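Novice: Before I ask anything, let me first share the structure, which is written out below as structure tokens.
Only the coordinates and a few stated rules stand behind these numbers; no lab work does. Keep in mind that this is a model prediction, so the values were computed, not measured. Note that each Cβ is placed from the backbone with ideal geometry, even for glycine, and that neighbours are counted across all protein chains shown.
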Amino acid sequence: MHLTKEEERILNGEAGETLRKALEILTALGDIYGADRLIPIKSAQIAGVSYKTIGDAGLEWISDLEGKVKVPSILNPAGMDLERWDRLDISPNFAEKQKEIVQAYEKLGVSCECTCTPYTLEGFSVSYGDHLAWSESSAVSYANSVIGARTNREGGPSALSAALLGKTANYGFHLDENRVPTVSITVECSLNRSDYGALGYVAGKLVGSRVPLLHLQDTPKTDELKALGAAMAASGAVALYHVEGVTPDACRQDFEPPEEKIVIERSQLDEVYENRCSAGKEPELITIGCPHCSAAELEEAAELLEGKTVSKELWVFTSRELATRFPEYMETIEKSGAKVVCDTCMVVSPATNRYSCVMVNSGKAFAYVPGMCGAEAVFGSMEACIEEALGGNEGKEKRRERGKEEKGEKKGQEKEKKEGGFH
Amino acid sequence: MVSIKLKGRTIARGSAEGEVLLSRDPISFLGSVDPQTGVIVEESHALAGKSIKGKVLVFPHGKGSTVGSYVMYQLKKNGAAPVAIINLETEPIVAVGAIISEIPLVDMLEKNPYEVLKDGDLVRVDGSSGYVETLE
């Protein structure tokens, strides 16, 4: 890999140990992946924040670094709400360690906004063609696919190295030739809202780390694309996808149709909705906001909860910035007994580990909750999730009735195999 | 014994000497290794029960969580890390872990290390110049 004279000097340690190691990380990755040089980045989003995931090992490494980041940089979700951590039974020891991690990043000039949806933040704008070093797999997917910016799936240390240098190695999704679709997915049914999370969960398993070109019957909204990409990045390792006639790369270029073609049918999505916890267990915890809720999703949750009281734990995750910008939604949601939680999520917080059956409206959470939190997961729309939280037995009956009606409409006389149906 | 010098690719700089410990299995530093002692705790692993502390650890490549990079750093801090690493072909988790922990790492040697090296051989790994040399 070609280095400038300035970069050579840094690699020889003339700018200090932290930058030397940062550059060594970027050049090693560049060599592994065949990069020709380092390129400037507009921003960094750094994973490796939750004490639950990085532990004392990560805390030690970050604390030992010196210097300041050269581009706007923010963090992935932490293991708890940094201000109201005690509401979710986080232990004081965990809270202490978590605060130390965030403070260590702040010392390096990283903003302590901890969110998986950095593209919603004011003052953190991203445009078509921008080169980035982002970590969070769903944010990487959104930046690459929905915005048309360019980033690889950076690990925590490489994203932080890129932030400290203001550069990243030029390989992978920074290059045109790696952004071409390599598999096509045709979806043979109409999709609505949470269907996109279910589709992402199914599609990610089928395509792995390839670049899919999706042919959809509907035009998805940005929140739906967010859910689709997040799920494909979790059940698979999709960092970039295109939707014919929708996403910017697909609109600007005439892609050659990929040779490999996959068809996804309604029944495959239904299977995601039909998953139940074992031994007839009902969801004890309901979570919304993976990735973090947008303003529109907060508004929807507030409308569904207005004037009602939940009978089960309901956690709504969003970024601190949006929670601060829309206090009216926060107030309505919290009045119902639900909790709005910032800076963290159901996957990276240890709070979820106490439950054995969790209901989610996210294909990504559905993929991760079993492995990361040791809980079984049930998938449903936001409406179904909130109904479950309000539920009690009355809600369940209603849901069952409605499930039957909907299935009846859709499938005619076909006999219903499972009761329920969170559509 | 005639000394052999094998060229490879520089991943993490620095130079160290030690005894070879070969692992046929890939290693996930998160979960497979006790960060306090350097003992492999994954029961089904080829090196189960053995310590990687102070060894020139030879394994095909890393696997598992990206947190593994930080665990390598913790091993180093605890004095339980290998002194050097040789991989068939390294991947980012181990590459990043070796760099932040200052463990010399060379991969893609010109000959298969599993055919040339055996457990207990004394070798020098020079990550800066990118070679592995057997010592008398």
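Novice: Using alpha-carbon positions, what is the distance between the centroids of the stretch A:189-208 and the stretch B:89-118, in Å?
Specialist: 39 Å
Novice: Check the cysteines of the protein assembly as shown one by one and keep only those with no other cysteine Cβ under 4.7 Å from their own.
Specialist: A:Cys112, A:Cys114, A:Cys116, A:Cys189, A:Cys251, A:Cys290, A:Cys293, A:Cys342, A:Cys345, A:Cys373, A:Cys385
Novice: I've got another one for you. Arrange the following residues from fewest to most other Cβ atoms within 10 Å of their Cβ: A:His174, A:His242, A:His292.
Specialist: Working: A:His174 19, A:His242 25, A:His292 30.
Ordered by Cβ neighbours within 10 Å, fewest first: A:His174, A:His242, A:His292.
Novice: Just the C-alpha atoms of the stretch A:157-297: what Rg/Rh do they give, with Rh taken as the Kirkwood radius? Don't jump to the answer; show the numbers that get you there.
Specialist: Working: Rg = 17.0 Å, Rh = 16.7 Å.
Rg/Rh for the stretch A:157-297 comes to 1.02.
Novice: Return the percentage of antiparallel bridges among DSSP beta bridges fully within the stretch A:5-176, rounded to the nearest 5 %. Kindly include the intermediate steps, with their values, before the conclusion.
Specialist: Numbers: 3 of 10 bridges.
The antiparallel proportion sits near 30 percent.
Novice: Just in the stretch A:1-67: which GluC sites (Glu not before Pro) are loop by DSSP and have at most 12 other Cβ atoms within 10 Å? All intermediate terms of the calculation are to be shown ahead of the outcome.
Specialist: Working: sites: A:Glu6, A:Glu7, A:Glu8, A:Glu14, A:Glu17, A:Glu24, A:Glu60, A:Glu66; in loops: A:Glu14, A:Glu66.
Counting only loop positions with at most 12 other Cβ atoms within 10 Å, the GluC sites (Glu not before Pro) in the stretch A:1-67 are A:Glu14, A:Glu66.
Novice: Could you list which residues have their amide H under 5 Å from that of A:Ile262, counting only those 5 or more apart in sequence or on another chain, with H placed in the peptide plane?
Specialist: The list, which skips near neighbours in sequence, is A:Ser184, A:Ile185, A:Thr186.
Novice: State the extension gain, in nm to one decimal, for the chain segment bounded by A:Asn275 and A:Ala237, taking 0.36 nm per residue of separation less the distance between their alpha-carbons.
Specialist: Numbers: separation 38, 0.36 × 38 = 13.68 nm, distance 2.24 nm.
Contour length minus the Cα-Cα distance gives 11.4 nm.
Novice: Sticking with this structure for a sec: Let's see if you can work this out: charge +1 on each Lys and Arg Cβ, -1 on each Asp and Glu Cβ, no other charges. What is the dipole magnitude of the stretch A:180-273 about its Cα centre, in debye to the nearest 20? List each step's numbers first, then the result.
Specialist: Numbers: 8 positive and 14 negative charges, 57 e Å.
Computed about the Cα centre, the dipole is about 280 debye.
Novice: A further question follows. About the Cα centre, and with charges only on the beta carbon of Lys, Arg (+1) and Asp, Glu (-1), how big is the dipole of chain B? Nearest 20 debye, please. Before the final figure, lay out each step's value.
Specialist: Details: 14 positive and 17 negative charges, 46 e Å.
Rounded to the nearest 20 debye, it is 220 debye.
Novice: On a full-extension model of 0.36 nm per residue, what is the gain between A:Ala296 and A:Glu383, subtracting their alpha-carbon distance, rounded to one decimal in nm?
Specialist: Numbers: separation 87, 0.36 × 87 = 31.32 nm, distance 1.38 nm.
Answer, rounded to one decimal: 29.9 nm.
Novice: Please compute the modelled spin-label separation between A:Lys205 and A:Ser111, points set 7 Å along Cα→Cβ, answer in nm with one decimal.
Specialist: A separation of 3.8 nm, rounded to one decimal place.
Novice: A:Ile39 to B:Asn112: FRET efficiency via 1/(1 + (r/R0)^6), r the Cβ-Cβ distance, R0 35 Å, to the nearest 0.05?
Specialist: Values: r = 36 Å, r/R0 = 1.01.
Computed FRET efficiency for A:Ile39 and B:Asn112 comes out at 0.50.
Novice: Continuing with the same structure: What net charge do the residues around B:Ala84 carry, taking every other residue with its C-beta under 10 Å from that of B:Ala84, with Lys and Arg at +1 and Asp and Glu at -1? Walk me through the numbers on the way to the answer.
Specialist: Details: positive: B:Lys55, B:Arg124; negative: B:Glu17, B:Asp126.
Computed value for this residue: 0.
Novice: With a 10 Å Cβ neighbour count serving as the proxy for reagent exposure, in which order, fewest first, do A:Leu75, A:Leu298 appear? List each step's numbers first, then the result.
Specialist: Working: A:Leu75 30, A:Leu298 25.
The most exposed by this proxy come first: A:Leu298, A:Leu75.
Novice: Expressed as a rounded percentage, what relative contact order does the stretch A:1-129 have, with Cα pairs under 8 Å and six or more residues apart?
Specialist: On the way: 139 pairs, mean separation 30.3, N = 129.
Worked out over the stretch A:1-129, it gives 24 percent.
Novice: Which order do A:His2, B:His45 fall in if you start with the one that has the fewest other Cβ atoms within 10 Å? Provide the component values of the computation, followed by the final result.
Specialist: Working: A:His2 10, B:His45 18.
In order of increasing Cβ crowding within 10 Å: A:His2, B:His45.
Novice: Please express the Cα-Cα pair-distance distribution P(r) of chain B as a list of whole percents, one per 10 Å bin, running from 0 to the bin with the greatest distance.
Specialist: For chain B, the pair-distance distribution reads 14, 51, 31, 4, 0.
Novice: Using a 10 angstrom cutoff on alpha carbons, build the Gaussian network for chain A and name the most mobile of A:Asn170, A:Asn361, A:Asn76.
Specialist: Taking springs between Cα atoms under 10 Å, the residue moving most is A:Asn170.
Novice: Which FRET efficiency value, to the nearest 0.05, is calculated for A:Lys335 and A:Glu188 with the Förster distance at 45 angstrom and r the Cβ-Cβ distance?
Specialist: On the way: r = 42 Å, r/R0 = 0.94.
Computed FRET efficiency for A:Lys335 and A:Glu188 comes out at 0.60.
Novice: Where both residues lie in chain A, what percent of DSSP beta bridges are antiparallel, nearest 5? Intermediate results must be reported in sequence, preceding the final value.
Specialist: Details: 3 of 38 bridges.
Percent antiparallel among DSSP bridges in chain A is about 10.
Novice: Using a cut-off of 15 Å between beta-carbons, work out the net charge of the residues near A:Val211 (Lys and Arg +1, Asp and Glu -1, A:Val211 not included). The partial results should precede the final answer.
Specialist: Numbers: positive: A:Arg150, A:Arg153, A:Arg179, A:Arg210, A:Lys261; negative: A:Asp176, A:Glu177, A:Glu244, A:Asp249, A:Glu256, A:Glu259, A:Glu260.
So the surrounding residues net to -2.
Novice: Treating the angle as unsigned and between 0 and 90°, give the value, to the nearest 10°, between the Cα long axis of helix A:17-33 and the longest Cα principal axis of chain A.
Specialist: 70 degrees
Novice: Which of A:Gly156, A:Leu191, B:Gly62 sits closest to the plus end of the dipole of the protein assembly as shown, meaning its Cα is farthest towards the positive end, when Lys and Arg get +1 and Asp and Glu get -1 on the C-beta?
Specialist: Checking the options against the dipole of the protein assembly as shown, the answer is B:Gly62.
Novice: Hey, what do the phi angles of the stretch A:355-367 turn into as Karplus ³J(HN,Hα) couplings, whole Hz, using 6.51/-1.76/1.60 and θ = phi - 60°, x for Gly and Pro?
Specialist: After applying 6.51 cos²θ - 1.76 cosθ + 1.60, I find 9, 10, 9, 10, 9, 9, 10, 10, x, 5, 4, 4, 6 Hz.
Novice: Treating only the Cβ of Lys, Arg, Asp and Glu as charged (+1, +1, -1, -1), what charge dipole size does the protein assembly as shown show about its Cα centre? Round to the nearest 20 debye. Walk me through the intermediate numbers first.
Specialist: Numbers: 62 positive and 84 negative charges, 117 e Å.
Computed about the Cα centre, the dipole is about 560 debye.
Novice: Set the bar at 30 Å for Cα to Cα. Now go through A:Lys70/A:Lys97; A:Lys167/A:Lys261; A:Lys364/B:Lys55; A:Lys70/B:Lys5; A:Lys226/A:Lys335; B:Lys7/B:Lys63 and name every pair that lies beyond it. If you can, show how the numbers build up before the last one.
Specialist: Values: A:Lys70/A:Lys97 26 Å; A:Lys167/A:Lys261 37 Å; A:Lys364/B:Lys55 40 Å; A:Lys70/B:Lys5 42 Å; A:Lys226/A:Lys335 28 Å; B:Lys7/B:Lys63 24 Å.
From A:Lys70/A:Lys97; A:Lys167/A:Lys261; A:Lys364/B:Lys55; A:Lys70/B:Lys5; A:Lys226/A:Lys335; B:Lys7/B:Lys63, over 30 Å: A:Lys167/A:Lys261; A:Lys364/B:Lys55; A:Lys70/B:Lys5.
Novice: Okay, moving on. Between the alpha-carbon centers of the stretch A:91-162 and the stretch B:48-87, tell me the distance in whole angstrom.
Specialist: Each part reduced to its Cα centre gives a spacing of 27 Å.
Novice: Note down the net charge around A:Val238, summing +1 for each Lys or Arg and -1 for each Asp or Glu among other residues with Cβ under 12 Å from its Cβ.
Specialist: Details: positive: A:Arg153, A:Lys205, A:Arg210, A:Lys364; negative: none.
Net charge around A:Val238: +4.
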